[in-house]
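Novice: Following this message is one structure expressed as structure tokens.
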Amino acid sequence: MRKAAIFSFVLILSALGSMAATAAVKPADQPRTMEEVIDRVITNENRGNQQIKQYSPLVETYIQNLKPDKELGYTPAGDKYFLGRADFSKGVALVSLTDTNSKGKKIFGSIGNFFSFAMQFLPDGFLQMIFIDTNGFDKQHYKFDYVRREFLGEVRCLVFDVTPQDKSGKGRFLGRIWVEDQDFNIVRFNGAYGGGGHSSWYFHFDSWRTNVQPGIWVPSFVYSEERDLHYALAKKLDFKAQTRLWGYNLGHASQEQELSKILVETPVQDDTKTANDLTPIQAQRSWDRQAEDNVIDRLERIGLISPKGEVDKVLETVVNNLEVTNNIDIEPDVRCRVMTTTTLESYTVGHTVVLSRGLIDVLPDEASLATIVAHELSHAILGHRLDSSLAFFDQLLIEDKETFRHFGFARTPDEEKAANAKAIQILNNSPYKNQLGNASLFLTALATRAKEIPNLISPHLGDRVPVIGDLRASMPSDQKQNPQMITALPIGGRVKLDPWNDKLELIKSKPVGTVAEREKMPFEVTPFMPYLTRYGTEPAKPIAASAATPTDPKTGQSAPGKP
């Protein structure tokens, strides 16, 4: 690695002077020299390593192996998925939610089935990438070379190249760090650990933190990539991986909100002239709704369902469009929620339609979204019910790691077939009836990639997206496809997740203009490039989160905020 040039003392003082000039009042304890800045950075980083131990965020890692393609550059060729809860009480460890069979040390299996010698991936190793160094991040072990100032979103940063000192030991970080210029916290670091040897490998990574509370920057995103990594008798590995962390404030946000609510008691009304008792049918509906509410509340409390927000409203608008145009009147009302995970899945919990964040991410347009929603809405219309025993509250008192084993909302083949037929009927009477060719192209693209991304399309609670069957076969395919149209987006193309409160927002991106075929990357992993802001401030510019943006299927132009 080429080391950054060493600036003269005059230039360093000039940079610091410029920083001070922008502040109205410079606190007395603010650093005045670059050495003092470095001391503050080291102190904050080591303090942050201790503070992170009070949290147990959810950690999701998704890996795609890559294979060369003459036209597209690289395409997926196998994948792995892991979801767990971080446990920092005894170092860097994960408690798996998805791996319910393994005991002891958790490892990924081979990333692809075509290796004669399998490469094993350690989920703990990807979690390690949220730390620069937990054992000696100081001047005795590292050298800091100032590079320049740079904005990451709206956060102005000082940039340093960090290199291990001679004989500082294996596993030290080598790369670049970005330090925000108010409290001097590291908000991004990019590089790799050194000295892996022949028995293990340290991968390159780009790690990001976000400002979730005043003075608190928490690890949120990690992107990792390797090309031409040789191992086991000249075998080669190419992969890209995304790691997301969220759920830092699980349970606390709702508690704080409840305590701050102003409750207004309404006068008691005389209802003696009306019947208050429920009929048997109404009682059953109420009981089923209680089971439904129990499940959604439990999944939200452990971070698998996002709190209600703007994305839910978009889904409910689509449901309303389908109901109104088909004269559907269903009791109780159909609601929509979003699962926070990347895996592509959808399901119904009673009359609540649930789509995963990852599925919404890759859907190219509203018609494709309506197709998935219509399928799940059909389950509710046809009376495919939830297990009513979940209305008993003891059914919810389980450990987090048992969630995927305890809950399951997949439907039988007969129920799926009936829902497909009903969905086609609903769609043909809906505002989306002339756009179903776009949905067909999406489902066809997913079917084409299914063998290469089996873990992405393997559900944990619900059903797989119906890529093969009546739904896709019955839809018209648009033969005059616009070359600029994106049939499916990369992962992260629609929604962003707040790591503190688990709220979801639609990404609002700038148009990208002409999109080359290699830039479409359907269902693929891309780097993270979050637009950083300080807590309490609204971003002044669009937020870019992936290499491709949603486009209108007719014009090929960007259609921000429209799923």
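The values are calculated or read from the model by the stated rules, or taken from the named source; none is laboratory data. Given the structure is predicted, the values throughout are model-derived calculations rather than measurements. Because the Cβ atoms are built from the backbone with ideal geometry, glycine has one as well, and the counts that use them run over all protein chains shown. Calculation scope for accessible area: heavy atoms of the full protein, side chains included, ligands and nucleic acids excluded. Shrake-Rupley method; radii C 1.70, N 1.55, O 1.52, S 1.80 Å.
Novice: Using a/c under 1.5 as the rounded threshold, could you call the stretch 344-456 rounded, prolate or oblate? The axes a ≥ b ≥ c are square roots of the C-alpha gyration tensor eigenvalues, and prolate needs a/b larger than b/c, oblate otherwise. Each step should come with its number before you reach the end.
Specialist: Details: a/c = 2.35, a/b = 1.48, b/c = 1.59.
Judged from the Cα gyration tensor, the stretch 344-456 comes out oblate (a/c at least 1.5, b/c at or above a/b).
Novice: In addition: Relative to a virtual label point 7 Å from the Cα of A283 in the Cα→beta-carbon direction, which members of the stretch 385-411 show backbone nitrogen distances below 19 Å?
Specialist: 388-393, by backbone N distance to the label point.
Novice: From the square roots a ≥ b ≥ c of the eigenvalues of the alpha-carbon gyration tensor of the stretch 290-384, which class results: rounded (a/c under 1.5), prolate (a/b over b/c), or oblate? Could the numbers behind the result be given before it?
Specialist: Numbers: a/c = 1.82, a/b = 1.14, b/c = 1.60.
Oblate shape, in that a/c is at least 1.5 and b/c is the bigger or equal ratio.
Novice: Which of rounded, prolate or oblate describes the stretch 334-401 when judged by the alpha-carbon gyration tensor and an a/c cut-off of 1.5? Before the final figure, lay out the partial values.
Specialist: Working: a/c = 3.49, a/b = 1.44, b/c = 2.43.
Here the stretch 334-401 falls in the oblate category.
Novice: While we're on this one: Short version: ³J(HN,Hα) in whole Hz for each residue of the stretch 401-414, in order, from phi by Karplus 6.51 cos²θ - 1.76 cosθ + 1.60 (θ = phi - 60°), x for Gly and Pro, what are they?
Specialist: 5, 9, 4, 6, 7, 7, 9, x, 10, 5, 9, 6, x, 5
Novice: Distance cut-off 26 Å, Cα to Cα: go down the list K53/K401; K143/K170; K451/K503 and report the pairs above it.
Specialist: On the way: K53/K401 19 Å; K143/K170 15 Å; K451/K503 32 Å.
Flagged as over cut-off: K451/K503.
Novice: Leaving ligands, DNA and RNA out of it, work out the accessible area of E316 with a 1.4 Å probe and give it in Å² to the nearest 10.
Specialist: My reading of the accessible area for E316 is about 60 Å².
Novice: Hey, another quick one. With only Lys, Arg, Asp and Glu charged, each at its Cβ (+1 for the first two, -1 for the last two), find how big the charge dipole of the stretch 283-381 is about the Cα centre; round to the nearest 20 debye.
Specialist: Numbers: 9 positive and 17 negative charges, 61 e Å.
Computed charge dipole of the stretch 283-381: roughly 300 debye.
Novice: What percent does the relative contact order of the stretch 336-406 come to when contacts are Cα pairs within less than 8 Å and at least six residues apart? Please report the intermediate quantities before stating the final value.
Specialist: On the way: 67 pairs, mean separation 17.9, N = 71.
That works out to 25 percent.
Novice: If I model a spin label at H141 and R534 as a point 7 Å from the Cα along the Cα→Cβ vector, what separation in nanometres do I get?
Specialist: About 3.1 nm separates the two model spin labels.
Novice: With labels modelled as points extended 7 Å from the Cα through the Cβ direction, what inter-label distance (nm, one decimal) is found for R148 paired with K70?
Specialist: Between R148 and K70, the label points sit 4.0 nm apart.
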